[in-house]
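A short write-up of the structure that comes next.
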Amino acid sequence: MSGHILVVDDEVGIRELLSEILTDEGYDVHLAENAEAARAFRSQRRPDLVLLDIWMPDTDGVTLLKEWAGGGLLTMPVVMMSGHGTIDTAVEATRLGAADFLEKPVALAKLIDTVNKAIKRGVALPRRAASMDLSALGKSPLILELKKRLSQIAGNTAPVMLMGEPGSGFEICAHFLHQPSTPWVEIKDRARLVSDPLSFVEMLGSGTLYLPEVCELARLEQKGLGLLLDRIEGSGARLVCASSRSLDTMVAAGEFDSRMFYRLSSLAIQVPPLREHREDIPEIANFMLAQLIEAGVCPVRRLTTPALNQLRNFDWPGNLPQLNNVVRTLAVTALSGEIDAADVNRVLAPMKLSAPAVAHGIPLDIPLREARDAFERMYFEHLIQKEGGSMTRVADKSGLERTHLYRKLKQLNIRHGRRLDEDL
């Protein structure tokens with residue numbers, strides 16, 4: 001047999017013993033004394049098998065297994081090892097994706113048989129990376145808050161509206177809300193909402209119906225969506241919509257049905273753009289690069305710290321898809337295994353030259369009055385949403401007398417849900 005095996009164990013004697021046995025069996029063996037060393041190795045390459053100790057001083061093996069599974073890196077067989085193993089631990093590890101479980105001290109014949117079988121199973125695994133999930137978006141306070149809000153509504157079946165800029169991660173959030181082992185149905189052919197809206201019900205069951213860019217629906221398509229909602233209500237199925245335009249503004253302009261808007265936005269979640277959680281960009285970029293290496297798109301590469309800082313400091317008007325395209329270009333065109341700041345500058349320079357000047361979504365190459373109106377519209381839409389539509393609280397937060405606030409909203413063509421004399 002042949003293949004690369006990563007042995008992760010904090011006991012040097014066990015590492016050396018396993019290395020000697022497995023090397024004699026024809027395997028290339030790599031050693032890691034803790035979870036940190038295992039992470040570093042896995043970020044650079046995909047081993048054919050990992051022998052992973054459960055009890056380690058820095059991070060236990062089950063936690064590391066969960067981390068790899070959540071980050072899309074559990075694409076190789078992992079055999080857990082423990083001198084204090086229990087059935088519960090073995091079941092938990094298997095549920096998370098472990099291929100097998102070995103109790104220490106490991107009998108020689110048992111070790112070789114388990115390793116050989118796991119390697120054979122691993123050869124049959126597709127060498128492609130899993131899709132990005134919410135854990136890969138980072139650990140900044142803004143993303144942790146987003147995850148908390150999504151977790152709070154995960155068990156609810158009311159429609160969800162995801163709002164933000166294009167490419168911010170709508171589908172990632174929708175998948176987070178999706179219940180495992182239930183159908184996932186995405187509405188790609190919007191014309192079917194007119195011709196046969198109820199056909200989606202047959203595929204859906206109690207699963208998730210995902211509708212990207214609901215703001216692009218024509219009037220008849222909105223009507224069909226309403227019929228579809230009527231049918232799935234109470235069935236356990238859930239509609240998750242996404243919009244990169246303010247539906248509130250579209251309603252005010254007569255571009256979107258007001259009843260449909262209120263029905264869809266009973267649970268509204270704002271998804272932040274990349275520039276608002278730029279501290280997560282290095283982690284996201286490393287994840288994207290690992291996925292490309294995993295899928296065989298490029299040889300092993302590493303983004304240096306200066307390169308990651310360059311990526312972090314860019315504004316990313318195209319958000320995740322733009323970052324992914326840049327990382328892919330860097331991975332494929334770099335002339336060495338080290339992707340440095342000069343490589344990043346080479347790829348980003350044309351984007352900096354061609355990108356219009358934008359500050360928080362507002363173009364800066366427009367007349368002052370238009371820029372001011374755009375900012376005020378964004379400001380008041382944010383306050384109205386944050387204060388649940390209470391004009392009393394919006395007036396208080398903005399420091400405006402309520403009659404003045406009313407005139408300002410009318411001037412900006414902003415629709416609000418409550419009267420100014422509501423004292424809430």
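A few remarks follow.
- Taken over region 15-64, residues that are among the aliphatic types (A, V, I, L, M), part of a helix (DSSP H, G or I), out of contact with any Asp or Glu (no Cβ under 8 Å at 6 or more places or on another chain) and farther than 20 Å from Ile293 by Cβ amount to 3.
- Qualifying residues in region 339-393 (those that are of a type in the set (Asp, Glu) and part of a helix (DSSP H, G or I)) - the one modelled with the highest pLDDT: Asp343
- Pick from region 295-321, criterion touching a Gly at 6+ places or on another chain (Cβ under 8 Å) and over 16 Å from Ala334 (Cβ atoms), ranking: least open to solvent (accessible area, probe 1.4 Å): Asn319
- Failed condition for Pro77, given (1) surrounded by fewer than 18 Cβ atoms within 10 Å (Cβ to Cβ); (2) at pLDDT 90 or above: (1)
- Verdict on Gly72 being open to solvent by 20 Å² or more (accessible area, probe 1.4 Å), modelled with pLDDT under 90, at positive phi and under 24 Å from the mean Cα position of the chain (by Cα): no
- Selection of first residues in region 141-159 that are open to solvent by 30 Å² or more (accessible area, probe 1.4 Å) and of second residues that are assigned to a helix (DSSP H, G or I), restricted to Cβ pairs under 7 Å at least 6 apart or on distinct chains, gives the following pairs, ordered by first then second residue: Leu142/Glu276; Leu142/His277; Lys147/Leu134.
- None of Arg219, Arg245 is free of Cβ contacts under 8 Å to residues at least 60 places away in the same chain, surrounded by 14 or more Cβ atoms within 10 Å (Cβ to Cβ) and out of contact with any strand residue (DSSP E or B) (no Cβ under 7 Å at 6 or more places or on another chain) except Arg245.
- Contacts under 8 angstrom Cβ, first residue in region 282-293 being of a type in the set (Asp, Glu), partner part of a helix (DSSP H, G or I), 6 or more apart: Glu283/Ala136
- In this structure, Arg45 does not qualify as crowded, with 19+ Cβ neighbours inside 10 Å and basic (Lys, Arg).
- For region 22-53, the set of residues classified as more than 12 Å from Ile5 (Cα to Cα) and in contact with a Phe, Trp or Tyr (Cβ under 9 Å, 6 or more places away or on another chain) consists of Arg39 only.
Yes/no matrix, rows are residues, columns are (1) among the aliphatic types (A, V, I, L, M); (2) surrounded by 14 or more Cβ atoms within 10 Å (Cβ to Cβ); (3) under 25 Å from Ser246 (Cα atoms):
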site: Pro180; (1), (2), (3): no, no, no
site: Ile187; (1), (2), (3): yes, yes, yes
site: Val194; (1), (2), (3): yes, yes, yes
site: Pro212; (1), (2), (3): no, yes, yes
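- Filter pass, Pro166 being under 30 Å from Ile281 (Cα atoms) and either touching a Ser or Thr at 6+ places or on another chain (Cβ under 7 Å) or not in a loop (DSSP other than H, G, I, E, B) (or both): yes
The values are calculated or read from the model by the stated rules, or taken from the named source; none is laboratory data. All values reported here derive from a predicted model rather than from experimental measurement. Glycine gets a Cβ as well: all are built from the backbone with ideal geometry, and neighbour counts include every protein chain shown. These accessible areas exclude ligands, DNA and RNA; they are computed on the full protein's heavy atoms, side chains included. Shrake-Rupley method; radii C 1.70, N 1.55, O 1.52, S 1.80 Å.
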